[in-house]
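The values are calculated or read from the model by the stated rules, or taken from the named source; none is laboratory data. In this text the structure is predicted, and so the values were computed from the model without any measurement. We place every Cβ from the backbone using ideal geometry, glycine too, and count neighbours over all the protein chains shown. Remember, those area values only see protein heavy atoms, side chains included, never the ligands or the DNA or RNA. Shrake-Rupley method; radii C 1.70, N 1.55, O 1.52, S 1.80 Å.
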Amino acid sequence: MVISVINIEKTDFSSVEEEMEKMERYYQQEIETADREQILAWQNERLVKQVRHVWDHVPYYRAKMEEKGVTPEDIQSVSDLHKLPFLTKDDLREAYPYGLLAKPLKDCVRIQSTSGTTGRRVVAFYTQHDIDLWEDCCARAIMAAGGTEEDVCHVSYGYGLFTGGPGLNGGSHKVGCLTLPMSSGNTDRQLQFMVDLGSTILCCTPSYAAFLAESIHERGLQDQIKLKAGIFGAEAWSEEMRQDIQNKLGIKAYDIYGLTETSGPGVAFECSEQTGMHINEDHFIAEIIDPDTGEVLPEGSKGELVFTSITKEAFPLLRYRTRDICVLNRKQCACGRTHVKMSKPMGRSDDMLIVKGVNVFPSQIETVLLEQGYPANYQIVVDRINNSDTIEVMVEMSPENFSDNLGNITAMEKSLVSALKAMLGIYAKVRLVAPKSIARSEGKAVRVIDKRKI
Ligand code: DLL
């Protein structure tokens, strides 16, 4: 019998592990690190195909293009993109629900939805192929945050019509993480699963992450939490908030961006450098425009972000105005990815507010007030208290429905609260005030006071 003795050199496994932790991970390395020429080649080819696809299948698009005097033959490459008309939320509202559908209904397998500017919501359609590509984008984001099949990915974005839960859920499956489809809310249950199952990656809105961090500290659970990374987006958050969450949870916090219209989260995501989000340019062409004139601005300028989705089948959007203001940056990134980076959105070129992760337009509130017989004299106060967004609507009673009876006022406020809940999907506190008591402005009415920005 031969016994072989293998001389195993002593290895410092902890440092190997540390090195592995530091290694950049990619879900689709060849695509994510492709050179500029290759990315442009993909974009040129896919754009031409996409324009032909909408021209042939979406009469709404064809009419818009004809109105601008553009035909598919005019679009030979990305440099011709500027010839196409813009698409806006108003177009989506006008074409609601099926007017922008580019595939037969039988080929579509899912919708997701978000608030529109008034009563009509934005409804986005997906084929199975669209879902597959969307989940790839989310998988890229999870792996950029260090995710592997060893991870327990705790998804606390809302599930349902909102894209956050389903998108990150799909990406997590693709990476091979154990996926916890927690959805939002029920903090006790969140924390119990986080401790019992050893969640290592948390996906939710940054404000919910801050709230969970606080709850963990209040309950003294810090030592029982195994989180290493968080993927936070769907609303604006500052660098200070990032530092605060990172410190409290002992994690690295990554930003993720997206919008329902272009699929959902994963349009862009942060890498280990944490200096902006790589836009998945094999699926989306990004432009920056002057929000007032629509003129395309040179790269590096601050302006409104416009997306063209070049791989979506069911609901492709050409030159969609996101209304998000940001800057693009094409400097080489140390992570090895080559796709352009967008800054955190710095604001919006419309009046949309994001409250508790939900998109709220003042016009939606106004619609409810007018429907309920109130004048359009109101003020919306948004605040962030204990890391949670609050919204209060101060509404003038009209001389016709004026009452100084406390019981009546409470009943009227309650009825407005439920009408607003039905429109917005979130609780908004209502305070009725006497006719003509809200200060009139000499210029534009100041409808919104966002104390989170003060
Ligand atoms: O918020 C999709 C999403 C889900 C993104 C989960 C990230 C994570 P919508 O409800 O359609 O979709 O809202 C889109 O949210 O136009 C931005 O104004 C804002 N937004 C999204 N991500 C960020 C972010 C989802 N990382 C709108 N930072 C967008 C700031 C963001 N704002």
Within the range 252-295, residues being over 26 Å from Thr88 (Cβ atoms), more than 11 Å from the ligand (Cβ to nearest atom) and either acidic (Asp, Glu) or surrounded by fewer than 22 Cβ atoms within 10 Å (Cβ to Cβ) (or both) number 5
Of the residues in the range 127-165 that are assigned to a strand (DSSP E or B) and surrounded by fewer than 24 Cβ atoms within 10 Å (Cβ to Cβ), the one that is nearest to the chain's Cα centre (by Cα) is Thr127
When residues of the range 360-377 are filtered for being acidic (Asp, Glu) and within 25 Å of the chain's Cα centre (by Cα), how many remain?
-> 1
Do you know which residues across the range 74-119 are touching a Pro at 6+ places or on another chain (Cβ under 9 Å) and more than 16 Å from the ligand (Cβ to nearest atom)?
-> Gly99, Ala102
Where a residue in the range 225-236 is in contact (Cβ under 8 Å) with a residue 60 or more places away in the chain and among the acidic types (Asp, Glu) and its partner, wherever it lies, is within 15 Å of the ligand (Cβ to nearest atom) and part of a loop (DSSP other than H, G, I, E, B), with Cβ under 7 Å and at least six apart = Glu235/Thr205; Glu235/Gly357
Which condition does Gln112 not pass, out of (1) farther than 25 Å from Asn359 by Cα; (2) open to solvent by less than 20 Å² (accessible area, probe 1.4 Å), if it passes all the others?
-> (1)
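Given the criterion closer than 21 Å to Phe315 by Cα and out of contact with any Ser or Thr (no Cβ under 6 Å at 6 or more places or on another chain), identify the matching residue among Gly165, Gly160, Gly147.
Exactly one of Gly165, Gly160, Gly147 is closer than 21 Å to Phe315 by Cα and out of contact with any Ser or Thr (no Cβ under 6 Å at 6 or more places or on another chain), namely Gly160.
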Given the conditions (1) within 16 Å of the ligand (Cβ to nearest atom); (2) in contact with a Lys or Arg (Cβ under 6 Å, 6 or more places away or on another chain), report the number of the one that Glu313 does not fulfil.
-> (1)
Considering each of Val48, Val54 in turn, give the residue that is open to solvent by less than 60 Å² (accessible area, probe 1.4 Å), in contact (Cβ under 8 Å) with a residue 12 or more places away in the chain, in a helix (DSSP H, G or I) and out of contact with any Lys or Arg (no Cβ under 9 Å at 6 or more places or on another chain).
-> Val48
Checked the range 189-209 for anything buried (at least 23 other Cβ atoms within 10 Å of the Cβ) and within 24 Å of Arg384 (Cα to Cα); matches are Gln190, Leu202, Cys203, Cys204, Thr205, Pro206, Ser207, Tyr208, Ala209
Output for Cβ contacts, cut-off 6 Å, separation at least six or different chains, first residue part of a loop (DSSP other than H, G, I, E, B) in the range 428-441, second open to solvent by less than 90 Å² (accessible area, probe 1.4 Å), reads Ala428/Ile391; Ala428/Val393; Ala428/Leu420; Pro435/Glu396; Pro435/Met397; Ile438/Asn377; Ile438/Gln379; Ile438/Glu396
Pick from Asn359, Asn387: which is open to solvent by 30 Å² or more (accessible area, probe 1.4 Å), of a type in the set (S, T, N, Q) and over 30 Å from Asp80 (Cα atoms)?
-> Asn387
All positions within the range 64-82 that are open to solvent by less than 70 Å² (accessible area, probe 1.4 Å) and within 16 Å of Tyr320 (Cα to Cα) | Lys64, Met65, Val78, Asp80, Leu81
If you take the residues of the range 356-378 that are in a strand (DSSP E or B) and in contact with a helix residue (DSSP H, G or I) (Cβ under 8 Å, 6 or more places away or on another chain), which of them is farthest from the ligand (Cβ to nearest atom)?
-> Tyr378
The range 325-356, residues that are within 30 Å of Asp383 (Cβ to Cβ) and either touching a Gly at 6+ places or on another chain (Cβ under 8 Å) or open to solvent by less than 20 Å² (accessible area, probe 1.4 Å) (or both) | Ile325, Cys326, Val327, Met342, Ser343, Lys344, Leu353, Val355
For the range 218-251, which residues satisfy the criterion of being more than 7 Å from the ligand (Cβ to nearest atom) and at positive phi?
-> Gly220, Gly250
Checked the range 83-109 for anything surrounded by fewer than 14 Cβ atoms within 10 Å (Cβ to Cβ) and among the acidic types (Asp, Glu); matches are Asp90, Glu94
Residue satisfying condition, being open to solvent by 80 Å² or more (accessible area, probe 1.4 Å), at pLDDT below 90 and of a type in the set (Lys, Arg), within set Lys421, Lys444, Lys429, Lys414 = Lys444
Among the residues of the range 216-224, is any part of a loop (DSSP other than H, G, I, E, B) and either among the hydroxyl-bearing types (Ser, Thr, Tyr) or buried (at least 21 other Cβ atoms within 10 Å of the Cβ) (or both)?
-> no
Return yes or no: is Leu168 crowded, with 18+ Cβ neighbours inside 10 Å, in a helix (DSSP H, G or I) and in contact (Cβ under 8 Å) with a residue 40 or more places away in the chain?
-> yes
Identity of the residue in the range 93-126, at pLDDT 95 or above and part of a helix (DSSP H, G or I), that ends up nearest to Leu369 (Cα to Cα) = Leu105
Expected output for the range 394-413 (first residue closer than 19 Å to Glu371 by Cβ, partner surrounded by 15 or more Cβ atoms within 10 Å (Cβ to Cβ) and among the acidic types (Asp, Glu), Cβ below 9 Å, 6+ apart or cross-chain) is Val395/Glu413
